[in-house]
């Protein structure tokens with residue numbers, strides 16, 4: 001069964017619309033926090049923020065850090081579905097790709113130094129694309145051919161391509177979840 005991945009945990013039963021709403025909700029919170037940080041930095045010297053207002057400034061920084069982490073997690077791994085049997089190697093691949101890309105440091109700079117959410121979004125999209133490219137290679141290494149009785153009886157019928165990593169069949173130049181094919185076959 002495929003699960004939606006979001007960082008180091010899985011999101012079972014989350015619908016795409018729910019995740020879209022989560023992303024928008026978190027982004028709105030992130031806008032509010034970065035705006036607060038920007039106003040603080042513009043009106044109070046950094047040294048004063050780190051000393052006289054240390055408790056509040058540290059709390060804001062910690063809240064901002066948690067919020068941006070959740071936001072990036074959902075934004076980057078939105079709609080990525082991986083079969084639970086492949087979750088561990090895929091998480092290793094995602095972590096390795098993320099660390100090697102150095103996008104997280106750039107995102108941190110965009111948020112904490114520049115308070116630039118547009119740059120944060122661009123970097124998150126670049127990280128997402130890099131991860132998707134690596135996942136595509138991983139998935140292609142695990143493609144299997146499904147030989148049906150019809151294939152064996154009639155050489156004109158091609159075997160089906162199946163990706164156990166994402167739980168999908170390749171049909172009409174796109175990946176279709178096995179659950180959709182099974183339910184379509186059941187209704188025929």
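The values are calculated or read from the model by the stated rules, or taken from the named source; none is laboratory data. Owing to the predicted nature of the structure, the values given are computational and were not obtained by experimental measurement. Using ideal geometry, Cβ is built from the backbone for each residue, glycine included, and neighbour counts are taken over all protein chains shown.
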**Residue check, residue 177 farther than 30 Å from residue 106 by Cα, modelled with pLDDT of 90 or more, touching a strand residue (DSSP E or B) at 6+ places or on another chain (Cβ under 6 Å) and surrounded by fewer than 15 Cβ atoms within 10 Å (Cβ to Cβ)** = no
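Residues of the stretch 137-159 being within 17 Å of the chain's Cα centre (by Cα) and either at pLDDT 95 or above or surrounded by 13 or more Cβ atoms within 10 Å (Cβ to Cβ) (or both), which ones? Full working, then the answer.
Just the residues of the stretch 137-159 that are within 17 Å of the chain's Cα centre (by Cα), to begin with: 137-139.
138, 139 - these are the residues of the stretch 137-159 that are within 17 Å of the chain's Cα centre (by Cα) and either at pLDDT 95 or above or surrounded by 13 or more Cβ atoms within 10 Å (Cβ to Cβ) (or both).
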**Request:** Keeping to the stretch 132-177, report how many residues are assigned to a loop (DSSP other than H, G, I, E, B), touching a helix residue (DSSP H, G or I) at 6+ places or on another chain (Cβ under 9 Å) and within 24 Å of residue 89 (Cβ to Cβ).
**Result:** 5
**Message:** What's the number of the only condition in (1) surrounded by 15 or more Cβ atoms within 10 Å (Cβ to Cβ); (2) within 23 Å of residue 19 (Cβ to Cβ) that residue 116 fails to meet?
**Reply:** (2)
**Request:** Output the number of residues of the stretch 53-77 satisfying the condition of being assigned to a helix (DSSP H, G or I) and farther than 22 Å from residue 98 by Cβ.
**Result:** 8
**Request:** Filter the stretch 78-115 for residues that are under 23 Å from residue 32 (Cα atoms) and part of a helix (DSSP H, G or I) and give the result.
**Result:** 103, 104, 105, 106, 107, 108, 109, 110, 111, 112, 113
**Message:** Condition first: at pLDDT 90 or above and in a loop (DSSP other than H, G, I, E, B). Now tell me which residues in the stretch 1-52 satisfy that.
**Reply:** 44, 45, 52
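Taking the conditions exactly as written (touching a helix residue (DSSP H, G or I) at 6+ places or on another chain (Cβ under 7 Å), modelled with pLDDT under 95 and surrounded by 16 or more Cβ atoms within 10 Å (Cβ to Cβ)), does residue 83 satisfy them or not?
Working: touching a helix residue (DSSP H, G or I) at 6+ places or on another chain (Cβ under 7 Å): no; modelled with pLDDT under 95: yes; surrounded by 16 or more Cβ atoms within 10 Å (Cβ to Cβ): yes.
So residue 83 fails the test.
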**Item:** Which listed residue, of 75, 52, is out of contact with any strand residue (DSSP E or B) (no Cβ under 7 Å at 6 or more places or on another chain) and crowded, with 18+ Cβ neighbours inside 10 Å
**Value:** 75
